[in-house]
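Enquirer: There's a structure below that I have some questions on.
The values are calculated or read from the model by the stated rules, or taken from the named source; none is laboratory data. Since we're looking at a predicted model, the values are computed, not measured. Cβ coordinates were reconstructed from backbone atoms using ideal geometry, including for glycine residues, and neighbour counts include every protein chain displayed.
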Amino acid sequence: MKKQSKGLDEAFKDAIKTYFEEFAIVKPEFAIHRLPRKIDVLIIEAEKPIKDHVIIFTYFQKYNILDFKSEDDTFVMEDIYKIGYYSNALLLREKKIDYFKNLTYTLVCTDRPNLIFKIAKPEIEKKGLYVVKGLCIIDVRVLVISEIEDDLEKEIKYLKIFAGKKERKDFIKWVLENESEDYILTQVILLYGDEVMKVAKEKGIKLRGLEKRAEEMAEVFGLKSKFFDEGSKFGYEQGAKTGYEQGAKTGYEQGAKTGYEQGAKTGYEQGTKIGLSKGQSRGQRKIELKTAINMIQFGMEKETILKVISISEKKLDWLIKRLNK
């Protein structure tokens, strides 16, 4: 889980950077202290106001912290402490920040972090976006990807890349049918290759050679094993099915041909063996019968003939009777 979570974190940082860097300064893994403590993403407003380019993050100020929690990354008490630590440490480091008025903190989660909702009781700001007061010196936003609007525009479609299992299939369908941007398609293939292949097959959609690009990104984000594991699993399932069908057909044809050849060969060998055996048996009986007749004609006793010739007493009586007529 941890390895996959790490890969998803890297993919999230790259997706946020890709969208925001056109109009803002984006610093993934921004170091806030001498200790190895890094914010997932710090977005700094540049010349253009961020709110003009977003649908959800309209509350952004000059400095904006984004912290990501994937589906497999459980939110624990330590994460609540980190929120205060990151906020205060950034204020201490960046002295040019005008107190806390120009700073926002957003926890972006695939699913709702139940611990925060239990302890802090967030207030809803808009669908999928909540405000939490009292966790640190500033208000904290919690963005739940599985709850935000399905209006897939601007930053929303970049966030929906990290939707949970329940919503993912619908998003994958939408991406395959509507999204012309290679980046979104590539990210989806990278993260959910097995699911994408299945949906693409159902829809009869070709992936336009993006698997190669996804493979390259997989290596960068530490997801190469996951990418190949899912591809192997899907290939095995499809291969097994196709192999079974083709194998059954080919097996039948080859089996019929081989069976005929082997049957003919075996039949010949067995037939020859049986025929020879039967022929030898018949010839032996004929010789024995002729010998018995000669012995009767020479006047030999019945008991002597039975000892010499392999013949039944009943058959010998019949011969004696016929020859004495």
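Enquirer: Give ILE56, ILE39 a once-over and let me know the one that is over 27 Å from LYS166 (Cβ atoms), touching a residue at least 12 places away in the same chain (Cβ under 8 Å), buried (at least 20 other Cβ atoms within 10 Å of the Cβ) and within 34 Å of the chain's Cα centre (by Cα).
Expert: Only one candidate passes the filter, namely ILE39.
Enquirer: Mind checking which residues of segment 26-37 are at pLDDT below 90 and either within 17 Å of ASP67 (Cα to Cα) or not charged (D, E, K, R) (or both)?
Expert: LYS27, PRO28, GLU29, PHE30, ALA31, ILE32, HIS33, LEU35, PRO36, ARG37
Enquirer: Only residues that are outside any helix (DSSP H, G or I) and without any contact (Cβ under 8 Å) to a residue 12 or more places away in the chain: list them for segment 107-138, please.
Expert: Correct list: LYS121, GLU123, ILE124, VAL131.
Enquirer: Okay, moving on. Look at segment 59-75 and say how many of its residues are assigned to a loop (DSSP other than H, G, I, E, B) and over 29 Å from the mean Cα position of the chain (by Cα).
Expert: Total satisfying the criteria: 4.
Enquirer: Here's a check for you: in segment 69-93, which residue that is of a type in the set (Asp, Glu) and surrounded by fewer than 17 Cβ atoms within 10 Å (Cβ to Cβ) is modelled with the lowest pLDDT?
Expert: Selected residue: ASP72.
Enquirer: Go through segment 42-83 and report how many residues are of a type in the set (Lys, Arg) and either closer than 20 Å to TYR130 by Cβ or not assigned by TED's automatic domain parsing to the domain that holds GLU155 (or both).
Expert: Qualifying residue count, segment 42-83: 3.
Enquirer: All but one of (1) at negative phi; (2) assigned to a loop (DSSP other than H, G, I, E, B) hold for LEU91, so report the exception by its number.
Expert: Only one criterion is unmet by LEU91, namely (2).
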